[in-house]
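In what follows, a structure is listed as structure tokens, so that the remarks can point back to it.
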Amino acid sequence: MKKIILLVAVVGSMIFSSCEGPEGPRGETGYSAEATVYETDPINFLAPSFGVFFTFPNEAKTSDHVLVYRLSGVDQGEDVWQLIPQYRYFPNGTLDFGYNYDATRFDVNIYLEGNDLQSLNDNLRLEQIFRVVIIPGQFANKGTKSNIDLSDYNAIIKAYKIDESKIKRIN
């Protein structure tokens with residue numbers, strides 16, 4: 001009986017130690033576990049485009065998520081950031097104007113849309129500041145980070161441990 005157990009042990013170890021197969025494909029390199037934040041210089045939305053286009057200094061990955069926040073004010077010394085798109089409507093329900101954006105992994109286009117944009121108050125059209133947050137895609141939908149309220153800029157900063165002193169400027 002001891003010889004059979006010894007034989008099974010030797011054959012089993014030979015079988016398991018000699019298993020090899022082809023190496024799997026290499027994953028895409030360059031992923032960062034950190035979110036990146038860019039802040040714009042003050043933007044003036046002027047005719048004819050009422051928009052501004054920024055190229056990212058470093059290209060994002062195809063799986064990354066791009067979020068844009070507008071500095072809407074200051075409350076007790078703290079900046080108030082609002083996720084865009086953000087729309088305002090007339091009392092009758094039609095669109096007055098809105099801040100919106102579109103983005104690729106290379107750039108972001110931030111713009112105003114709506115009716116009679118030239119007549120908007122200067123405080124809504126001029127000297128607007130935005131933060132563009134790029135969240136690494138491989139982490140955005142995993143674990144507790146998938147429960148983050150993306151409209152809450154401060155929740156994003158906390159969840160991704162963003163050091164606001166290291167925010168990069170784009171212009």
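The values are calculated or read from the model by the stated rules, or taken from the named source; none is laboratory data. As the structure is a computational prediction, the values presented were derived from the model and not from experiment. Heads up, the Cβs are rebuilt from the backbone with ideal geometry, glycines too, and the neighbour counts pull from every protein chain shown. Surface areas here come from the heavy atoms of the whole protein model, side chains and all, with no ligands, DNA or RNA. Shrake-Rupley method; radii C 1.70, N 1.55, O 1.52, S 1.80 Å.
Worth pointing out:
- Candidate set from segment 58-73 (those that are under 12 Å from residue 132 (Cα atoms) and not aliphatic (A, V, I, L, M)); member that is most open to solvent (accessible area, probe 1.4 Å): 65
- Here residue 138 clears all of (1) at pLDDT below 95; (2) open to solvent by 70 Å² or more (accessible area, probe 1.4 Å) except the condition numbered (2).
- Residue identified as under 21 Å from residue 50 (Cα atoms), aliphatic (A, V, I, L, M) and not in a strand (DSSP E or B) among 83, 124, 71: 124
- Under the condition of being within 20 Å of the chain's Cα centre (by Cα) and farther than 15 Å from residue 128 by Cα, the residues counted in segment 86-112 number 7.
- Within segment 74-119, the set of residues being hydroxyl-bearing (Ser, Thr, Tyr), farther than 22 Å from residue 148 by Cα and open to solvent by less than 70 Å² (accessible area, probe 1.4 Å) comprises 94, 99, 104, 111.
- Residue in segment 103-121 that is without any contact (Cβ under 8 Å) to a residue 40 or more places away in the chain and farther than 25 Å from residue 46 by Cα present: no
- Unique match (being touching a Pro at 6+ places or on another chain (Cβ under 8 Å) and at pLDDT 95 or above) among 99, 87, 111: 99
- Count of segment 141-167 residues which are part of a helix (DSSP H, G or I) and at pLDDT below 85: 5
- Condition met for residue 108 (more than 20 Å from residue 49 (Cβ to Cβ) and among the β-branched types (Val, Ile, Thr)): no
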